[in-house]
Each structure stands twice: as structure tokens, then as C-alpha cells.
Amino acid sequence: MSLLKMKAKFRLGKTAVIAIPYTWMLLFFLVPFFIVLKISFAEQDLAIPPFTSLLQEEEGVIRGLSLYFGNFSFIFTDELYAATYLSSLKVAFFTTVMCLLLGYPIAYAIARTDPARRNVLLMLVMLPFWTSFLLRVYAWMGLLNENGLINNFLLSLGVISEPLHMFHTDFSLYLVMLYAYLPFMILPLYSHLVKMDVRLLEAAADLGAGPIKAFFAITLPLSKNGIIAGSMMVFIPAVGEFVIPELVGGTDTLMIGKVLWNEFFDNNNWPMAASVAIIMVLLLIVPIALLHRYETRELEGKGNV
């Protein structure tokens, strides 16, 4: 077989492999996204979703686009939507910070433990995924309720004289959010920490650096990519979380997921719901784009060394 034929087959195979994820993204991300985008520029109609065309036609000839911007203008002028977006970002931010503060020591401990025990510890981290997410949230409802297991246990010990109000509060919201998203922080951190060369820490100790100084000078900088990846994996889905705020959050908890549910199913206003979803996607694209730009610059910097 000639060299040219081998190169042609290699390029064909490479193209086929690359085409699979691109086709997946096209069918299950871009196409649904543009459908939602189309609905967001429509006016509310009796048909759900509205099937009105965005093209202006005269005698079968397309004259232009007919875009209705009323949904977006209403979102930017109504204080409720602004408060909802800010509340969702706040909950996602603090959830990410809590997951990082708790997940980093756990990931570090797993990465530094005996290799024979790492798989067992990682299995314990992923064990909650073997159970339905909704079932786990309902379990927390049984724990945090005023007649739940925690209050009954504390009452039986005499630690408290009356049940604690933990359910439908910010405490219960952040606690269950932390529980649900903690594995998404631990796994990326572990994958970076376990590959770190421990001889760097030994060299730092030989040069007189203490454990704390060695951590901030070596371990933390080398794990920054894991921190960024874990933070994105927690922050992005936490922004649009619906189940946890609805079941265990307070009555005044404002989240984008709840607004989307109300617009879609209570108000039957698909264009407004689509507009809310589009803005949420744009808000999430910003940190993803910044992360991609940061990683690209870092790779270019390593390539120039």
C-alpha cells in the first residue's frame, strides 16, 4: 500500500472519529437551541409552542424576518427576573465555594492515600449516583423535617427542647445543594492531585518549606486546573437547579428553574420561557468561554517554553 493511500485512510478515519461528537452536538445542542431561540422571538399564541413563522412572506416571496423583542425587553425591565437571575447566581456561587472548601481536602486525602484503597474511596464518592437524585432529595426532606430523624434524635438526647426549624430554609437549600454537587468537585480535583509529583513536596521540605508553605507554593498552583474544572461542573448545573430549591428551599427562594417551570406549565407562555432560557444559556456561556480562553493561553504558553 502506498504512502499516499495510508495518509488518505488515516485522514478519513480521523474525520470519521471527529464527526461523531460534532454530529451529536449538532443534533442535541445546536438544533434544540435554535428551536428555542426561534420560539423566544415569537409572540404568545394559542398553539403551544407557537408555530408562527418568523419569516415575512408576500406572494410566496420571503421579504425578511419578523422578530418580536417584547419578551426580552420585558425581562430586562421587570425587577423580578433580575432578582431571579441574581439569586440563582448567588446560590450557584456559594454552592461552588462550599463544594471547593469541603471537596479539596477530601480529594487530597484520596489522592495521597494508599493506591489499594483509592478505588474504594472513589466508589464511596460516586455511590450516591447509584440512587435516584429525586429519591435522595426526598430522603433529606425526611431528615430535616420538624418531625424528621434529626430532630427526633436530638429531642431524645435532650439536646433541644423543641424541634429545630431546618426545613424550607436557606440552610436546608445549601446543605442539600452541597450534598448533591460535592462529587462533581471531588472527581476533577482528584484526577489532578493524583498525578502531581510528590517529589516536589519532598524537595520543598528539604529546602526548609513547611507543609503550609509547600501547599500554597506547590500543591495549590498545580491543582488550579482541577479547581477550575470542578468549579465549572458545579456552578453551571447549580444555576439552573429546580428540584432542590422547590422541595427543600424556602418559600422566598428565587431560582431560574422555578421561573421556567411557571412560564412553561402554569402560564403556558412558551415565548417568555424560551427567552428566559436563552438568557440563562448566555450567562453560562460567558464563564465557559473564559475557561476555554484561559486553557488555550496556558497551552500556548507551555508550547512556547
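Under a Gaussian network description of the chain, with springs only between Cα atoms under 10 Å, the residue in G103, G70, G249 that fluctuates furthest is G70. With a simple spin-label model that places each label point 7 Å from the Cα along the Cα-to-Cβ direction, the separation between M141 and R293 comes to 4.3 nm. In the chain, the DSSP-assigned H stretches of four residues or longer account for a calculated mean residue ellipticity at 222 nm of -22000 deg cm²/dmol, using -39500 (n - 2.57) per stretch and the full residue count as denominator. For the chain, a Gaussian network of Cα nodes joined below 10 Å ranks D206, D252, D197 by mean-square fluctuation, and the top entry is D206. Annotation for L86 and I20: the two label points, set 7 Å from Cα along the Cα-Cβ direction, are 4.7 nm apart. Remark: the V281-L101 segment gains 62.1 nm on full extension, using 0.36 nm per residue and subtracting the alpha carbon distance. A Förster radius of 30 Å combined with the Cβ-Cβ distance from D266 to T131 puts the calculated FRET efficiency at roughly 0.50. Would any residue of the range 253-284 have its amide N under 13 Å from a label point 7 Å out along Cα→Cβ of V31? List them or say none. Correct set: none at all.
With both labels modelled 7 Å from their Cα along Cα-to-Cβ, the A209 to T77 distance reads 5.8 nm. Here the Gaussian network model covers the chain, with springs between Cα atoms less than 10 Å apart; of S172, S156, S231, S156 fluctuates the most.
Working note: Debye formula, equal point scatterers on the alpha-carbon atoms of the range 78-268, no solvent; log10 I(q)/I(0) at q = 0.09, 0.12, 0.14, 0.16 Å⁻¹ is -0.45, -0.74, -0.91, -1.05.
Each reported figure results from applying straightforward, stated rules to the coordinates on display, with no laboratory input. Worth saying up front: this structure is predicted, and the values here are computed from it rather than measured. Note: ideal-geometry Cβ built from the backbone for every residue, glycine included; neighbour counts use all protein chains shown.
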